[in-house]
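Scroll down for the structure; my scribbles are underneath it.
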Amino acid sequence: MNGVTDPGLHDTRRQAFETNKLSKKLHRQVGQAITDFNMIEAGDKVMVCLSGGKDSYALLDVLLSLRERAPVDFDLVAVNLDQKQPGFPAHVLPQYLRSRGVPFHIEDQDTYSIVKRLVPEGQTMCSLCSRLRRGILYRVASELGATKIALGHHRDDMVVTLLMNMFFGGRLKGMPPKLASDDGRHVVIRPLAYVAETDLERWAEHRQFPIIPCTLCGSQDSLQRVQIKAMVREWERQYPGRTDNMLHAMGHVVPSHLMDRRIHPFTSLKASGQADAGGDKAFDDDECASPAAAMPIRVELG
Ligand code: SF4
(Lines give C-alpha, C1' and ligand atoms only; values in the text may rest on other atoms or scores of the structure.)
Protein backbone atom coordinates (compact mmCIF):
# COMPACT_ATOMS: atom_id res chain seq x y z
CA MET A 1 0.00 0.00 0.00
CA ASN A 2 1.45 3.36 -0.90
CA GLY A 3 -1.43 5.34 0.60
CA VAL A 4 -2.40 6.95 -2.72
CA THR A 5 -6.17 6.73 -3.32
CA ASP A 6 -7.18 5.38 -6.72
CA PRO A 7 -9.32 8.18 -8.28
CA GLY A 8 -11.22 5.58 -10.38
CA LEU A 9 -12.20 3.68 -7.25
CA HIS A 10 -13.26 6.92 -5.59
CA ASP A 11 -15.51 7.77 -8.56
CA THR A 12 -17.08 4.32 -8.57
CA ARG A 13 -17.82 4.52 -4.83
CA ARG A 14 -19.25 7.99 -5.21
CA GLN A 15 -21.45 6.85 -8.10
CA ALA A 16 -22.69 3.86 -6.11
CA PHE A 17 -23.47 6.18 -3.19
CA GLU A 18 -25.43 8.59 -5.44
CA THR A 19 -27.36 5.74 -7.09
CA ASN A 20 -28.25 4.27 -3.72
CA LYS A 21 -29.44 7.70 -2.57
CA LEU A 22 -31.56 8.13 -5.70
CA SER A 23 -33.05 4.65 -5.31
CA LYS A 24 -34.05 5.38 -1.71
CA LYS A 25 -35.54 8.73 -2.70
CA LEU A 26 -37.62 7.23 -5.53
CA HIS A 27 -38.93 4.40 -3.38
CA ARG A 28 -39.69 6.75 -0.50
CA GLN A 29 -41.55 9.24 -2.71
CA VAL A 30 -43.59 6.58 -4.51
CA GLY A 31 -44.39 4.86 -1.21
CA GLN A 32 -45.43 8.18 0.28
CA ALA A 33 -47.73 9.05 -2.62
CA ILE A 34 -49.33 5.60 -2.46
CA THR A 35 -49.95 6.04 1.27
CA ASP A 36 -51.08 9.67 1.14
CA PHE A 37 -53.73 8.96 -1.49
CA ASN A 38 -54.51 5.38 -0.55
CA MET A 39 -53.64 4.37 -4.10
CA ILE A 40 -53.15 0.63 -3.60
CA GLU A 41 -55.11 -1.62 -1.25
CA ALA A 42 -54.90 -5.28 -0.30
CA GLY A 43 -56.07 -7.52 -3.12
CA ASP A 44 -55.69 -4.89 -5.83
CA LYS A 45 -54.67 -5.88 -9.32
CA VAL A 46 -52.72 -2.91 -10.63
CA MET A 47 -52.49 -2.52 -14.38
CA VAL A 48 -49.30 -0.59 -15.14
CA CYS A 49 -49.51 1.17 -18.48
CA LEU A 50 -46.19 0.87 -20.22
CA SER A 51 -45.40 3.04 -23.21
CA GLY A 52 -41.70 2.28 -23.54
CA GLY A 53 -40.73 5.71 -22.20
CA LYS A 54 -38.52 6.31 -19.15
CA ASP A 55 -41.42 7.25 -16.86
CA SER A 56 -43.50 4.12 -17.24
CA TYR A 57 -40.42 1.86 -17.06
CA ALA A 58 -39.43 3.56 -13.79
CA LEU A 59 -42.99 3.26 -12.47
CA LEU A 60 -43.08 -0.48 -13.08
CA ASP A 61 -39.55 -0.92 -11.75
CA VAL A 62 -40.26 0.86 -8.46
CA LEU A 63 -43.67 -0.79 -8.00
CA LEU A 64 -42.09 -4.21 -8.48
CA SER A 65 -39.60 -3.65 -5.71
CA LEU A 66 -42.11 -1.93 -3.42
CA ARG A 67 -44.40 -4.93 -3.77
CA GLU A 68 -41.68 -7.14 -2.31
CA ARG A 69 -41.81 -5.25 0.97
CA ALA A 70 -45.36 -3.89 0.94
CA PRO A 71 -47.47 -4.63 4.01
CA VAL A 72 -50.37 -5.60 1.72
CA ASP A 73 -50.59 -8.13 -1.11
CA PHE A 74 -51.32 -6.82 -4.56
CA ASP A 75 -50.80 -7.99 -8.14
CA LEU A 76 -49.19 -6.20 -11.03
CA VAL A 77 -49.82 -6.64 -14.71
CA ALA A 78 -48.03 -4.58 -17.35
CA VAL A 79 -49.97 -3.49 -20.41
CA ASN A 80 -48.68 -1.93 -23.58
CA LEU A 81 -50.87 -0.63 -26.33
CA ASP A 82 -49.15 -1.20 -29.65
CA GLN A 83 -50.66 1.61 -31.70
CA LYS A 84 -48.99 0.40 -34.88
CA GLN A 85 -46.84 3.43 -35.35
CA PRO A 86 -44.38 2.94 -38.18
CA GLY A 87 -41.10 1.54 -36.89
CA PHE A 88 -42.44 0.56 -33.44
CA PRO A 89 -40.04 -2.15 -32.21
CA ALA A 90 -42.73 -4.59 -31.03
CA HIS A 91 -40.22 -7.08 -29.57
CA VAL A 92 -38.61 -4.68 -27.07
CA LEU A 93 -41.25 -4.57 -24.33
CA PRO A 94 -42.14 -8.29 -24.34
CA GLN A 95 -38.44 -9.12 -24.14
CA TYR A 96 -37.91 -6.75 -21.21
CA LEU A 97 -41.03 -7.89 -19.37
CA ARG A 98 -40.12 -11.56 -19.73
CA SER A 99 -36.66 -10.79 -18.39
CA ARG A 100 -38.28 -9.19 -15.32
CA GLY A 101 -40.78 -12.02 -14.90
CA VAL A 102 -43.74 -9.65 -15.04
CA PRO A 103 -47.13 -10.85 -16.32
CA PHE A 104 -48.06 -8.66 -19.26
CA HIS A 105 -50.48 -8.07 -22.07
CA ILE A 106 -49.79 -6.36 -25.38
CA GLU A 107 -52.89 -4.88 -26.96
CA ASP A 108 -52.62 -4.43 -30.72
CA GLN A 109 -54.82 -1.63 -31.99
CA ASP A 110 -54.01 0.42 -35.04
CA THR A 111 -55.00 3.82 -33.69
CA TYR A 112 -52.19 5.35 -35.72
CA SER A 113 -54.08 4.87 -39.01
CA ILE A 114 -57.31 6.20 -37.50
CA VAL A 115 -55.62 9.34 -36.20
CA LYS A 116 -53.74 9.87 -39.46
CA ARG A 117 -56.97 9.57 -41.40
CA LEU A 118 -59.02 11.88 -39.19
CA VAL A 119 -56.60 14.63 -38.19
CA PRO A 120 -55.74 17.14 -40.94
CA GLU A 121 -52.07 17.30 -41.92
CA GLY A 122 -50.07 19.70 -39.79
CA GLN A 123 -52.41 19.57 -36.78
CA THR A 124 -51.40 17.90 -33.52
CA MET A 125 -52.71 14.35 -33.29
CA CYS A 126 -52.22 13.93 -29.56
CA SER A 127 -55.69 14.82 -28.40
CA LEU A 128 -57.53 12.24 -30.54
CA CYS A 129 -54.73 9.71 -30.08
CA SER A 130 -54.89 9.89 -26.30
CA ARG A 131 -58.69 9.76 -26.29
CA LEU A 132 -58.62 6.55 -28.32
CA ARG A 133 -55.86 5.15 -26.14
CA ARG A 134 -57.79 5.92 -22.97
CA GLY A 135 -60.89 4.07 -24.17
CA ILE A 136 -58.86 1.03 -25.17
CA LEU A 137 -56.94 0.94 -21.89
CA TYR A 138 -60.17 1.12 -19.88
CA ARG A 139 -61.57 -1.80 -21.84
CA VAL A 140 -58.38 -3.82 -21.37
CA ALA A 141 -58.43 -3.05 -17.62
CA SER A 142 -61.95 -4.51 -17.40
CA GLU A 143 -60.98 -7.56 -19.42
CA LEU A 144 -57.95 -8.22 -17.21
CA GLY A 145 -59.93 -7.66 -14.03
CA ALA A 146 -57.63 -4.81 -12.99
CA THR A 147 -58.85 -2.77 -10.03
CA LYS A 148 -56.39 0.11 -10.52
CA ILE A 149 -54.79 1.63 -13.60
CA ALA A 150 -51.34 3.11 -12.90
CA LEU A 151 -49.96 5.84 -15.15
CA GLY A 152 -46.40 7.18 -15.27
CA HIS A 153 -47.11 10.91 -14.94
CA HIS A 154 -44.69 12.60 -12.56
CA ARG A 155 -44.39 15.77 -10.48
CA ASP A 156 -43.36 17.97 -13.41
CA ASP A 157 -46.30 16.75 -15.54
CA MET A 158 -48.64 17.71 -12.70
CA VAL A 159 -47.20 21.18 -12.27
CA VAL A 160 -47.03 21.85 -16.02
CA THR A 161 -50.67 20.78 -16.40
CA LEU A 162 -51.73 23.13 -13.60
CA LEU A 163 -49.97 26.05 -15.30
CA MET A 164 -51.31 25.08 -18.74
CA ASN A 165 -54.85 25.10 -17.40
CA MET A 166 -54.30 28.46 -15.71
CA PHE A 167 -52.57 30.13 -18.63
CA PHE A 168 -54.60 28.76 -21.51
CA GLY A 169 -57.75 27.26 -20.01
CA GLY A 170 -58.70 29.85 -17.37
CA ARG A 171 -59.12 27.12 -14.76
CA LEU A 172 -57.33 26.26 -11.56
CA LYS A 173 -57.13 22.59 -12.43
CA GLY A 174 -54.20 20.23 -12.35
CA MET A 175 -53.59 16.54 -12.84
CA PRO A 176 -54.84 14.50 -9.87
CA PRO A 177 -52.78 11.72 -8.27
CA LYS A 178 -55.91 9.55 -8.14
CA LEU A 179 -59.22 9.79 -9.95
CA ALA A 180 -62.29 7.83 -10.89
CA SER A 181 -62.29 7.37 -14.66
CA ASP A 182 -64.80 9.23 -16.81
CA ASP A 183 -66.59 5.96 -17.61
CA GLY A 184 -67.14 5.61 -13.85
CA ARG A 185 -65.68 2.12 -13.76
CA HIS A 186 -62.00 2.49 -12.95
CA VAL A 187 -59.64 4.12 -10.51
CA VAL A 188 -56.59 5.68 -12.12
CA ILE A 189 -53.50 6.30 -9.98
CA ARG A 190 -50.27 8.24 -10.54
CA PRO A 191 -47.74 6.84 -8.05
CA LEU A 192 -44.93 9.06 -9.46
CA ALA A 193 -46.82 12.19 -8.40
CA TYR A 194 -44.00 13.31 -6.06
CA VAL A 195 -41.11 12.31 -8.32
CA ALA A 196 -39.06 14.85 -10.28
CA GLU A 197 -38.55 14.16 -13.96
CA THR A 198 -34.79 14.69 -13.65
CA ASP A 199 -34.66 11.85 -11.11
CA LEU A 200 -36.53 9.58 -13.52
CA GLU A 201 -34.03 10.46 -16.24
CA ARG A 202 -31.15 9.51 -13.95
CA TRP A 203 -32.89 6.30 -12.87
CA ALA A 204 -33.59 5.28 -16.48
CA GLU A 205 -29.94 5.78 -17.32
CA HIS A 206 -28.78 3.79 -14.33
CA ARG A 207 -31.21 0.93 -14.99
CA GLN A 208 -30.53 0.99 -18.75
CA PHE A 209 -34.20 0.67 -19.66
CA PRO A 210 -34.64 -0.19 -23.37
CA ILE A 211 -36.35 3.11 -24.16
CA ILE A 212 -38.58 3.30 -27.21
CA PRO A 213 -38.50 6.82 -28.67
CA CYS A 214 -41.81 8.67 -28.43
CA THR A 215 -41.41 10.43 -31.76
CA LEU A 216 -42.39 7.48 -33.93
CA CYS A 217 -45.81 8.90 -34.70
CA GLY A 218 -44.27 12.10 -36.08
CA SER A 219 -46.37 14.23 -33.72
CA GLN A 220 -45.03 16.35 -30.91
CA ASP A 221 -46.16 17.91 -27.68
CA SER A 222 -47.99 21.17 -28.26
CA LEU A 223 -45.76 24.23 -28.42
CA GLN A 224 -47.53 25.59 -25.36
CA ARG A 225 -46.63 22.53 -23.29
CA VAL A 226 -43.03 22.62 -24.53
CA GLN A 227 -42.76 26.29 -23.53
CA ILE A 228 -44.29 25.82 -20.07
CA LYS A 229 -42.08 22.82 -19.43
CA ALA A 230 -39.00 24.82 -20.38
CA MET A 231 -40.17 27.66 -18.14
CA VAL A 232 -40.64 25.34 -15.14
CA ARG A 233 -37.17 23.82 -15.71
CA GLU A 234 -35.60 27.28 -15.95
CA TRP A 235 -37.37 28.42 -12.77
CA GLU A 236 -36.12 25.32 -11.00
CA ARG A 237 -32.58 26.03 -12.20
CA GLN A 238 -32.73 29.62 -10.95
CA TYR A 239 -34.74 28.98 -7.81
CA PRO A 240 -34.23 25.38 -6.67
CA GLY A 241 -37.29 24.03 -4.87
CA ARG A 242 -39.85 26.08 -6.78
CA THR A 243 -41.40 23.06 -8.55
CA ASP A 244 -41.84 21.24 -5.23
CA ASN A 245 -43.41 24.39 -3.81
CA MET A 246 -45.93 24.46 -6.64
CA LEU A 247 -46.72 20.79 -6.11
CA HIS A 248 -47.10 21.42 -2.38
CA ALA A 249 -49.49 24.27 -3.16
CA MET A 250 -51.72 21.84 -5.08
CA GLY A 251 -52.25 19.96 -1.84
CA HIS A 252 -52.83 23.08 0.29
CA VAL A 253 -55.71 24.90 -1.30
CA VAL A 254 -57.33 27.77 0.58
CA PRO A 255 -60.77 28.22 -1.02
CA SER A 256 -61.52 31.34 1.04
CA HIS A 257 -58.57 33.03 -0.70
CA LEU A 258 -59.55 32.17 -4.22
CA MET A 259 -62.62 33.31 -6.12
CA ASP A 260 -64.76 30.25 -6.71
CA ARG A 261 -68.24 30.92 -5.34
CA ARG A 262 -69.10 27.24 -5.75
CA ILE A 263 -66.59 26.09 -3.15
CA HIS A 264 -66.68 29.02 -0.73
CA PRO A 265 -69.82 30.83 0.43
CA PHE A 266 -68.66 34.35 -0.50
CA THR A 267 -72.19 35.56 -1.17
CA SER A 268 -73.55 34.55 2.23
CA LEU A 269 -70.39 35.46 4.17
CA LYS A 270 -71.02 37.45 7.36
CA ALA A 271 -68.82 38.59 10.24
CA SER A 272 -69.16 35.98 12.99
CA GLY A 273 -68.46 38.34 15.89
CA GLN A 274 -65.81 35.87 17.12
CA ALA A 275 -62.06 36.49 16.81
CA ASP A 276 -60.33 33.76 14.84
CA ALA A 277 -56.52 33.54 14.92
CA GLY A 278 -56.59 31.58 11.66
CA GLY A 279 -58.94 34.05 10.03
CA ASP A 280 -58.23 36.42 7.21
CA LYS A 281 -55.85 39.36 7.58
CA ALA A 282 -57.65 41.45 5.02
CA PHE A 283 -54.96 44.06 4.50
CA ASP A 284 -51.90 41.83 4.43
CA ASP A 285 -51.97 41.33 0.69
CA ASP A 286 -48.38 40.05 0.63
CA GLU A 287 -48.78 37.64 3.53
CA CYS A 288 -47.54 34.74 1.45
CA ALA A 289 -44.34 36.52 0.45
CA SER A 290 -42.28 35.08 3.26
CA PRO A 291 -42.89 32.42 5.87
CA ALA A 292 -42.08 35.04 8.53
CA ALA A 293 -45.15 37.00 7.47
CA ALA A 294 -47.34 34.14 8.61
CA MET A 295 -45.92 34.25 12.14
CA PRO A 296 -47.99 35.86 14.91
CA ILE A 297 -47.19 39.47 15.58
CA ARG A 298 -46.78 40.56 19.17
CA VAL A 299 -47.75 44.19 19.73
CA GLU A 300 -46.08 45.76 22.72
CA LEU A 301 -48.44 48.17 24.46
CA GLY A 302 -46.95 50.92 26.60
S1 SF4 B 1 -47.08 11.89 -29.40
FE2 SF4 B 1 -47.96 10.49 -30.93
S3 SF4 B 1 -48.40 8.60 -29.77
FE4 SF4 B 1 -48.09 10.23 -28.28
S5 SF4 B 1 -50.16 11.04 -27.89
FE6 SF4 B 1 -49.27 12.29 -29.51
S7 SF4 B 1 -49.97 11.36 -31.39
FE8 SF4 B 1 -50.26 9.85 -29.78
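Structural remarks
- Accessible surface of region 137-216, 1.4 Å probe, proportion on carbon and sulfur as whole %: 56 percent
- Annotation: amide H-H contacts under 5 Å for ILE149 (H modelled 1.01 Å from N, sequence separation of 5 or more, or interchain): MET47, VAL187, VAL188, ILE189.
- Fraction of accessible area attributable to carbon and sulfur, region 68-110 (%, probe 1.4 Å): 46 percent
- Phi to ³J(HN,Hα) by Karplus 6.51 cos²θ - 1.76 cosθ + 1.60 over region 109-125, Hz, x for Gly, Pro: 8, 7, 6, 4, 5, 4, 5, 4, 6, 8, 8, x, 3, x, 8, 5, 8
- Shown are MET259, MET250, whose ranking by accessible area with a 1.4 Å probe and every protein chain present, most to least, is MET259, MET250.
- Ligands, DNA and RNA are left out, and with a 1.4 angstrom probe the accessible area of region 41-122 is 48 Å² per residue.
- The long axis of helix 197-207 is offset from the longest Cα principal axis of the chain by roughly 30 degrees.
- Theoretical FRET efficiency, 1/(1+(r/R0)^6), r = Cβ-Cβ of ALA249 and ASP6, R0 51 Å, to 0.05: 0.60
- For the chain, the antiparallel share of DSSP beta bridges with both residues in that region comes to about 15%.
- Crossing angle, helix 54-69 versus the chain [Cα axis fit, 0-90 degrees, rounded to tens]: 80 degrees
- Net charge of Cβ neighbours under 15 Å - reference ILE136; Lys, Arg +1; Asp, Glu -1: -1
- Tail weight of P(r) past 35 Å, computed on alpha-carbon pairs of the chain, percent: 33 percent
- Couplings 3J(HN,Hα) of region 17-27, computed from phi: 5, 5, 5, 4, 5, 5, 4, 4, 4, 4, 5 Hz, in residue order, whole Hz [Karplus 6.51 cos²θ - 1.76 cosθ + 1.60, θ = phi - 60°; x for Gly and Pro].
- With all protein chains modelled, accessible area of THR215 [1.4 Å, Å²]: 90 Å²
- Residues of the chain were split at every exposed loop site, defined as trypsin sites (Lys or Arg not before Pro) in a DSSP loop with at most 11 other C-beta atoms within 10 angstrom, and the longest piece left, sites excluded, is 1-170.
- Counting only the Cα atoms, region 1-86 fills a convex hull of 148 Å³ per residue.
- Considering only GluC sites (Glu not before Pro) in DSSP loops that have at most 14 other Cβ atoms within 10 Å, the longest stretch of the chain without any of them is 122-286.
- Proximal lysines to LYS173, defined as alpha-carbon separation beneath 17 angstrom and excluding residues fewer than eight positions away on the same chain: LYS229
- When the chain is treated as a GNM with alpha-carbon contacts under 10 Å, the residue of GLY273, GLY152, GLY43 showing the greatest mean-square fluctuation is GLY273.
- Principal-axis analysis of the Cα atoms of the chain puts helix 126-144 at an angle of about 70° to the longest axis.
- Rounded accessible area of PHE168 (nearest 10 Å², 1.4 Å probe): 110 Å²
The values are calculated or read from the model by the stated rules, or taken from the named source; none is laboratory data. Model, not experiment: these values are computed from the prediction. Positions of Cβ are generated from backbone atoms using ideal geometry, with glycine treated the same way; all protein chains shown enter the neighbour counts. Surface areas here come from the heavy atoms of the whole protein model, side chains and all, with no ligands, DNA or RNA. Shrake-Rupley method; radii C 1.70, N 1.55, O 1.52, S 1.80 Å.
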